[in-house]
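The structure appears below as structure tokens.
What follows draws every value from the coordinates through simple rules; no lab data is involved. Quantities reported herein were computed from a predicted structural model and do not represent experimental measurements. Quick reminder, even Gly has a Cβ in these numbers, built from the backbone with ideal geometry, and neighbours come from all protein chains shown.
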């Protein structure tokens, strides 16, 4: 790779889009594969628990590799590490597309996850090194498109590929994009200065990666293994103890792998906490809406994606605008507008029922997307921008790791609350049903009429029971999903006062990026 003296730092848009290429691919792969799992189960002759490791392996590896990001970036240069990360992800995608059975696909997903876990924190570190501070809002707005749009586009694109083409193209589409990303980063981005490290923080790596791995594993398997099972309790206990030991060791280490001291910065700490809450709320919609639309309403994957697409478009439209405004007025005014939109739309989603119009759902999601677009990236940028340029790599890896764990926590909480509330609603609905219920009479008449056309009404009562049971389960499921949105709307209400911490920081115009210093 050419030295930094041989290359000029490209413009804000060019630098950001090079980073967006890798980030978008890595995040897209967390959601695009979900719709293909039933087909892969049939092709590979495996059950649900076996096929789920295709998703779990990627999540665990990508989370566990993040703590080493700062060391590798400082030791070998962030640009070189970014090129290697995108190349690893691309090679892993190619191998996944060539997989011949479930074990081989899991192994190749591990390779893909190594690159995928490094791409986002390394990319963010590069942005803060190459882009002047007064233009960071615009850059983060563009960068936010990859974080916001990828999870929403994933189910639509995945459904289209699975229905019209081979499942292998779920991975193969990454190959040409990844090659372009590698070439652009290699030839256009100058390398960052390399720092001579006195020694590797082995205990920091073991404890941080081990703790992240165990936390993510417990959150991924808690529903199947049982949240009160011995295995889950021991995983959470061990992960917590490793985290506590990690904090003690890193606070006393001269060159810690995970710089815990960053949390002494109030704005950075609050941005991490608030950003994680927003990410959990965003993940909730990504998880629940496809379940509601496909399992309860009977929509196809493509139809589901089209209903969800307006949210991604609204979020994508607002993020660049929010980025420009952030550079002028800071994060607090944007959050004061965006947070009420998120709260309102999330709260209104609790009214979901078995016959809620699709356009009404899309409208709520558009409002939600606008709120997320105005709030998510400004809050994150406000926190990281208060960190010293020399600590940007550590701050990026820390925020990415915590966001990954927060996303897993959000999925776990969503599943637990939804299942518990669905069971409660189903029990209460069943208590109110008997042979004298108005609904029973109506369905009985419908069933009898249908069977009468065939000349035999003997099975009408059994058909009515089946129809009534399916209606009860569908309504209970929709109410359970609504309860999750209701709960998370109050989570955002509780976190909202943190937005008052952020303020506009005056920076000298024309401040050079770190590489120019």
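Would you mind putting 280-286, 410-416 in packing order, based on average other-beta-carbon counts within 10 Å, highest first?
Going by the mean number of other Cβ atoms within 10 Å, highest first, we get 280-286, 410-416.
What distance in nm lies between label points placed 7 Å from Cα along the C-beta direction at residue 229 and residue 300?
Result: 3.7 nm between the two label points.
Please sort 476-484, 98-106 by packing, taking for each peptide the average over its residues of neighbouring beta carbons within 10 angstrom, highest first.
Per-residue Cβ counts within 10 Å, averaged per peptide and sorted highest first, yield 476-484, 98-106.
What nm value, rounded to one decimal, do you get for the distance between residue 358 and residue 241 when each label is placed 7 Å out toward the C-beta?
5.3
Taking 10 °C and 1.306 mPa s as the conditions, I'd like the Stokes-Einstein D for segment 201-256 in µm²/s, using the Kirkwood hydrodynamic radius from alpha carbon pairs.
Details: Rh = 11.7 Å.
Answer, rounded: 136 µm²/s.
Between residue 337 and residue 196, what is the spin-label point distance in nm, taking each point 7 Å from the Cα along the Cα→C-beta axis?
Label at residue 337, label at residue 196, 5.1 nm between them.
Which value at 222 nm does the chain reach when only helices count, each DSSP H run of 4 or more adding -39,500 (n - 2.57), with the total divided by all residues and rounded to the nearest 500 deg cm²/dmol?
-25500 deg cm²/dmol, from helical runs alone.
Could you state the angle between the C-alpha long axis of helix 78-97 and the longest principal axis of the C-alpha atoms of the chain, as a value from 0 to 90 degrees rounded to the nearest 10?
With both axes taken from Cα atoms, the answer is about 30 degrees.
Between residue 428 and residue 317, take the C-beta separation as r, use R0 = 45 Å, and let me know the FRET efficiency to the nearest 0.05.
Here the calculated transfer efficiency is 0.60.
For helix 301-329, what angle does its Cα long axis make with the longest principal axis of the chain, in degrees from 0 to 90 and rounded to 10?
30
Can you tell me the FRET efficiency between residue 164 and residue 188 if r is taken as the Cβ-Cβ distance and R0 is 30 Å, rounded to the nearest 0.05?
0.30
Give me the extension gain from residue 13 to residue 490: residue separation times 0.36 nm, minus the current Cα-Cα distance, reported in nm with one decimal.
168.0 nm
Could you tell me the ratio Rg/Rh of segment 253-324? Both radii from Cα atoms, Rh via Kirkwood.
1.20
At q = 0.09, 0.10 Å⁻¹, what base-10 log of I(q)/I(0) does the Debye formula yield for the chain when every alpha carbon is treated as an equal point scatterer in vacuo?
-0.66, -0.80
How would 502, 213, 143 line up from fewest to most surrounding beta-carbon atoms within 10 angstrom?
On the way: 502 24, 213 19, 143 28.
Lowest to highest Cβ neighbour count: 213, 502, 143.
For residue 263 and residue 350, calculate 0.36 nm times their separation in residues minus their Cα-Cα distance, and state this gained length in nm to one decimal.
Values: separation 87, 0.36 × 87 = 31.32 nm, distance 3.50 nm.
Gain on extension, residue 263 to residue 350, equals 27.8 nm.
Taking Cα atoms, how many degrees apart are the long axis of helix 174-188 and the longest axis of the chain, rounded to 10 and kept between 0 and 90?
Relative to the chain, helix 174-188 is tipped by roughly 20 degrees.
Using 0.36 nm per residue, how much length does the chain from residue 500 to residue 473 gain when fully extended, once their Cα-Cα distance is taken away?
Details: separation 27, 0.36 × 27 = 9.72 nm, distance 4.30 nm.
Roughly 5.4 nm would be gained on extension.
Which FRET efficiency, nearest 0.05, do residue 48 and residue 175 yield, Cβ-Cβ r, R0 25 Å?
Once rounded, the FRET efficiency stands at 0.30.
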